[in-house]
1. Give the residue from A83, L100, S49 lying farthest towards the positive end of the charge dipole for region 48-100; charges sit on Cβ (+1 for Lys and Arg, -1 for Asp and Glu) and the dipole is referred to the Cα centre.
2. Whole-Hz Karplus ³J(HN,Hα) for region 34-45, in order, using 6.51 cos²θ - 1.76 cosθ + 1.60 and θ = phi - 60°, x for Gly and Pro?
3. Using the Cβ atoms and a cut-off under 12 Å, what net charge is assigned to the surroundings of A83, where Lys and Arg are +1 and Asp and Glu are -1?
4. Arrange the peptides 73-83, 144-154 so that the one whose residues have, on average, the most other Cβ atoms within 10 Å appears first.
5. For region 53-181, which whole percent of the accessible surface, found with a 1.4 angstrom probe, sits on carbon and sulfur atoms?
6. Under a 1.4 Å probe, what is the accessible area of the chain per residue, stated in Å²?
7. Go ahead and estimate [θ] at 222 nm for the chain from helices alone: -39,500 (n - 2.57) per DSSP H run with n ≥ 4, summed, over the residue count, rounded to 500.
8. For region 145-160, list residues with backbone N below 14 Å from a point placed 7 Å from the Cα of H120 toward its Cβ?
Amino acid sequence: RLLALPEHPFDCDVVRVVTSGKTPYVRFDLNDYSIPSELTRKPLTLVASEVDVRLLDGTVEIARHPRSYDRARKIEIPAHLEALAQQKQHAAELRGRDRLSAAAPRASALLEQVALRGGHLGGTTSRLLRLLDREGPRELDIAIGQALLRGAASAEAVGAILDQRRRARKAPPAIDVLLSQD
């Protein structure tokens, strides 16, 4: 007298449209699930079954996580975090280069020469920023121009030229003050 069970089981997955905030995580059931950082603040489709949580961008699956029934857990895919770390590092390098270019217009040409010679742009940018803070934009731009004229495209050459200019002005040597964290 009972009807037979359906040939195919019913689809009982939870389907929701979700959007992340600034961070590359989507919240579901009091847990945070990672997504690729380039998809933050975009509407995504979350499909949660008893065993996993899938995140879709249109019809493309962008992440699949095991479902957690705990609270306040972060469930992450390591590739999502690595990509985010690389983006942040790249953005920090660009901020430094932009600051250098704004303060010393010839810095872009120097960094281009460093790149063509296979030098380390991050280290050169960092050193030039320290010289900028210590010597000022005008002096740094002049020293970069002289280094480019001499064919010595490096932060060390710029630092040596700044030292020579300081000695010629009979100015006291610049000393970096290193303070401990406490």
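1. The residue sitting farthest along the positive end of the dipole is L100.
2. For region 34-45, the Karplus-derived couplings read 6, 9, x, 5, 6, 9, 5, 6, 10, x, 10, 9 Hz, x marking Gly and Pro.
3. After counting each charged neighbour, the total is -2.
4. Per-residue Cβ counts within 10 Å, averaged per peptide and sorted highest first, yield 144-154, 73-83.
5. 54 percent
6. 68 Å²
7. -14500 deg cm²/dmol
8. Counting backbone N atoms under 14 Å from the label point, the list is 155-156.
The values are calculated or read from the model by the stated rules, or taken from the named source; none is laboratory data. Computed from a prediction, not measured in an experiment: that's the story for all the values here. Using ideal geometry, Cβ is built from the backbone for each residue, glycine included, and neighbour counts are taken over all protein chains shown. Side chains included, ligands, DNA and RNA excluded: accessible areas come from the protein's heavy atoms. Shrake-Rupley method; radii C 1.70, N 1.55, O 1.52, S 1.80 Å.
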